[in-house]
1. Looking at the range 182-196, I want the residues that are over 17 Å from LYS20 (Cα atoms) and have a partner that is part of a loop (DSSP other than H, G, I, E, B) with Cβ atoms under 7 Å, at least 6 apart or on another chain. Which pairs are those?
2. Any idea how many residues of the range 12-55 are outside any helix (DSSP H, G or I) and in contact with a strand residue (DSSP E or B) (Cβ under 8 Å, 6 or more places away or on another chain)?
3. Among the residues of the range 72-108, write down those that are polar (S, T, N, Q), out of contact with any Pro (no Cβ under 7 Å at 6 or more places or on another chain) and not in a strand (DSSP E or B).
4. Only one residue in HIS134, HIS138 is surrounded by 13 or more Cβ atoms within 10 Å (Cβ to Cβ), within 18 Å of the chain's Cα centre (by Cα), more than 25 Å from ALA28 (Cβ to Cβ) and at pLDDT 95 or above, so which one is that?
5. Looking at the range 99-113, I want the residues that are among the aromatic types (Phe, Trp, Tyr) and have a partner that is part of a helix (DSSP H, G or I) and crowded, with 16+ Cβ neighbours inside 10 Å with Cβ atoms under 8 Å, at least 6 apart or on another chain. Which pairs are those?
6. Pick from the range 52-76 the residues that are more than 26 Å from SER99 (Cα to Cα) and of a type in the set (Gly, Ala, Ser): which of them is nearest to ligand 2 (Cβ to nearest atom)?
7. Is there a residue in the range 152-167 that is of a type in the set (Lys, Arg), within 16 Å of the chain's Cα centre (by Cα) and at pLDDT below 95?
8. For residues in the range 17-28 being surrounded by fewer than 21 Cβ atoms within 10 Å (Cβ to Cβ) and of a type outside the set (A, V, I, L, M), which is farthest from ligand 1 (Cβ to nearest atom)?
Amino acid sequence: MERLIFLGPPGAGKGTQAVKVAEHFGIAHISTGDMLRAEMRGGTALGMAAKSYIDKGELVPDNVLIAMVRERVQAADCANGFLLDGFPRTTAQADALASFSEIDRVINIEVPFELLLARICGRRMCAACGKAYHTSTHESELCSCGETLYQRDDDRAETVSRRLRAYETNTAPLIDYYSACGLLETVRGDQGIAKVAEDIFAALNG
Ligand code: AP5
Ligand code: MG
């Protein structure tokens with residue numbers, strides 16, 4: 001059983017690495033950002049409510065996210081475990097999570113602040129499979145699955161700086177929170193994608 005959390009600022013590479021790690025362990029990749037974007041695309045009440053926060057670069061209220069994840073981790077595909085990408089993001093979310101699930105390991109992906117903006121502004125996403133690309137390394141407008149890539153609405157520079165502030169204020173304290181529980185492993189995210197993956201697997205197997 002692997003019940004993992006990926007912590008890290010916007011653009012750290014959580015989603016990029018989560019796809020590989022979830023596939024390797026045969027566990028569910030739970031990206032709360034992807035779940036909220038699916039709700040927005042579907043035009044649901046939850047999606048519309050979330051959009052007003054996401055477009056401003058603010059966090060969606062805790063009660064919404066907690067209910068969403070509590071239900072999601074009970075799904076059949078979580079029987080072998082799960083990888084939480086983008087949750088918890090506040091101490092209240094971490095406390096709630098502890099009340100409904102055990103956690104085995106927390107990987108903190110650390111990237112210098114200056115690199116994050118360039119990573120996020122050059123990102124292109126696949127709506128079909130959730131894969132992220134960067135314009136500096138991927139010239140095509142197509143995903144490997146054939147879908148046309150798009151740029152997230154919240155990946156514009158002015159929104160990104162608000163997301164980075166929300167991270168510093170609300171989410172960075174979780175580094176100490178999980179360190180105090182003895183669950184935290186920190187990995188340097190300012191290396192090539194393959195090297196970051198290697199370090200994450202080493203931390204998880206160590
Ligand atoms: P979410 O979708 O989770 O966004 P985020 O946390 O801001 O993180 P990102 O997805 O931007 O970055 P990432 O770390 O996944 O990086 P990626 O792998 O794509 O959340 C969006 C919004 O939803 C939030 O702002 C909030 O409003 C709401 N929300 C979600 N969860 C919530 C919660 N729990 N509570 C409240 N609100 C919530 O990589 C980024 C780019 O860098 C890509 O282009 C990639 O190709 C490139 N890259 C990756 N790794 C490397 C590398 N090693 N070297 C070079 N380039 C790299
Ligand atoms: Mg992501």
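1. LEU183/ILE103; ASP190/VAL111; ASP190/PRO112
2. In the first step, residues of the range 12-55 are kept if they are outside any helix (DSSP H, G or I); the result is 12-13, 26-31, 42-44, 55.
If we keep only those that are in contact with a strand residue (DSSP E or B) (Cβ under 8 Å, 6 or more places away or on another chain) as well, we get 12-13, 27-31.
Number satisfying all stated conditions: 7.
3. Initial filter on the range 72-108 (polar (S, T, N, Q)): 74, 80, 90-91, 93, 99, 101, 108.
Next cut, out of contact with any Pro (no Cβ under 7 Å at 6 or more places or on another chain) only: 74, 80, 90, 93, 99, 101, 108.
Selection gives GLN74, ASN80, THR90, GLN93, SER99, SER101.
4. Values: HIS138 fails: within 18 Å of the chain's Cα centre (by Cα).
That would be HIS134, the only listed residue that is surrounded by 13 or more Cβ atoms within 10 Å (Cβ to Cβ), within 18 Å of the chain's Cα centre (by Cα), more than 25 Å from ALA28 (Cβ to Cβ) and at pLDDT 95 or above.
5. PHE113/LEU164
6. Only one residue fits best here, namely GLY57.
7. yes
8. Of everything passing the filter in the range 17-28, GLY26 is farthest from ligand 1 (Cβ to nearest atom).
The values are calculated or read from the model by the stated rules, or taken from the named source; none is laboratory data. Quantities reported herein were computed from a predicted structural model and do not represent experimental measurements. Cβ atoms come from the backbone with ideal geometry, glycine included; neighbour counts cover every protein chain shown.
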